[in-house]
Amino acid sequence: MNKKYQAEELISKYHQGTASPEERLLVEQWFLIDLEQSHILPDAEAVKKADQKISSNLQAYIQGQAADKKTYKLWKHIAAAAAVLLVVGLGVFFYTSYYAPRHLEGSATTRDLLANDIKPGGNKAYLILSNGKRLSLTDAANGELAKEAGVEITKTADGQVIYSSQPLAPSGRDAVGREGALNIIETPRGGQYQIRLPDGSKVWLNAASKLIYPVSFNGRGQRVVELSGEAYFEIFKNKLQPFVVKSKNQEVTVLGTHFNINSYADEPDTKTTLLEGSVSVRHLEGSAATRDLSYRRDDVKGEERFGGVVLKPGQQSTIDRNRNFDIQVQEVQNLEAAVAWKNGTFMFTSEPIQVVMRKVARWYDVDVEYKTTPDTRKYTGAIARTENISQILALFERMGTVKFEIVGKKIIVK
């Protein structure tokens, strides 16, 4: 096949959205390599020229003339600082390159950001026991934290809380006669944490999130937890005890699977993304974010159930309060983006600056104030969550679309 035709075909498939993941990587790869020193492509003519540049690079690659084949692995090295930026139409694409210089150029604006820099979040959380005692997991020593209902609760060095479950008494009550003792783990803004529940299921909590769960699942028909914020779940399979997650406006029922729920109170919708297995998503009247997050037993009295949907791997459900809480289901083009936070990365997919900054605010524990109407561009790209906030803000400033000022724990968008 003609080499030039192969290159043009790849570009065409990329722009039509029909390219495979490997083909998309190849196109983006070569786009970035030649545009490392370019900040903005503002018009259609520039995009056309960029396509021509991609075509040229692809031909060189296909002919075996690529100078450095290591670059094919760039996507595996997202955890770096410097970014490559370009604008296509009204969208912005940026990418963090493992091989790029670690720090952005030292402009006056960037120096101002560095002077008031804010470090990224980390493993921070609070554990609230059933007796109301509040433990700081950040300050607590590794090892045993407490014992409740015959369950040992320990903290590990790598930022996990582990529940080692033991059977309840035949009555279904704990050792001191309390039925259904509950614990709460909550992360502040700037925090994240991992917990292994009594049944062996694993949960990763993102910043500004809360999970309410029983100390033991023994003697229950369902394993019911409540979430506000965002969490990634890997559920231990048990057909006799379905796992149920209640969150803002919805209830997700699973047997054993991997999925992510984004259910922040300040977001307009609740998103559930399925990576493996099968889940049922139902809309619930009322919101876990607006009511007292007290635990409800296996029944859902007082909560009206609406029609639900069953998700398949690679699908995402969305419940939007601005659309009468209808459940929308779509195929996810980039599953990695849905769980990037769990893997230490900010990954944005065609998102406006307000959405981007809400994510930044949660992780860096800052407030955001807009001095001007936010621009209408949508941003796509990735940058490590381990970077100081100055690196992310300087990245956007390089695009020439916004300016930032750091005042204490507030980010002012100009």
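The values are calculated or read from the model by the stated rules, or taken from the named source; none is laboratory data. The structure displayed is predicted, hence computed values, not measured ones. As a convention, Cβ positions derive from the backbone with ideal geometry for all residues, glycine included, and neighbour counts pool all protein chains shown.
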Q. Within the range 120-147, restricting attention to residues that are among the polar types (S, T, N, Q) and in contact with a Ser or Thr (Cβ under 9 Å, 6 or more places away or on another chain), which residue is surrounded by the most Cβ atoms within 10 Å (Cβ to Cβ)?
A. Asn123
Q. Taking Ser216 and the conditions (1) free of Cβ contacts under 8 Å to residues at least 60 places away in the same chain; (2) under 21 Å from Val151 (Cβ atoms); (3) assigned to a loop (DSSP other than H, G, I, E, B), which numbered condition does it fall short on, given that it satisfies the others?
A. (1)
Q) Quick one: what pairs do we get from the range 250-267, first residue within 17 Å of Asp326 (Cβ to Cβ), second among the polar types (S, T, N, Q), C-beta under 6 Å, 6+ apart or different chains? A) Gln250/Thr270; Val252/Thr272; Ser263/Ser247; Ser263/Thr270
Q.
Six or more apart or on different chains, Cβ atoms under 7 Å: show the pairs whose first residue is in the range 114-129 and without any contact (Cβ under 8 Å) to a residue 60 or more places away in the chain and more than 15 Å from Val360 (Cβ to Cβ) and whose second is crowded, with 16+ Cβ neighbours inside 10 Å and among the charged types (D, E, K, R).
A. Leu129/Glu148
Q: Go through the range 229-251 and give me each residue that's assigned to a loop (DSSP other than H, G, I, E, B) and aliphatic (A, V, I, L, M).
A: Ile235, Leu240
Q: Would you mind telling me which numbered condition in (1) of a type in the set (Ser, Thr, Tyr); (2) touching a strand residue (DSSP E or B) at 6+ places or on another chain (Cβ under 6 Å); (3) at pLDDT 80 or above Thr386 fails?
A: (2)
Q) If we keep just the residues of the range 227-268 that are touching a helix residue (DSSP H, G or I) at 6+ places or on another chain (Cβ under 9 Å) and at pLDDT below 95, which is farthest from Glu336 (Cα to Cα)? A) Asn249
Q. Leu85 versus (1) in a loop (DSSP other than H, G, I, E, B); (2) at pLDDT below 50: which is the lone unmet condition?
A. (1)
Q. Counting only residues that are touching a Lys or Arg at 6+ places or on another chain (Cβ under 7 Å), surrounded by 14 or more Cβ atoms within 10 Å (Cβ to Cβ) and not in a loop (DSSP other than H, G, I, E, B), how many does the range 362-403 have?
A. 3
Q: Report, by residue number, each residue of the range 163-209 that is at pLDDT 95 or above and β-branched (Val, Ile, Thr).
A: Ile184, Ile185, Thr187, Ile195, Val203
**Q.** Flag if Val355 is outside any strand (DSSP E or B) and touching a helix residue (DSSP H, G or I) at 6+ places or on another chain (Cβ under 6 Å)
**A.** no
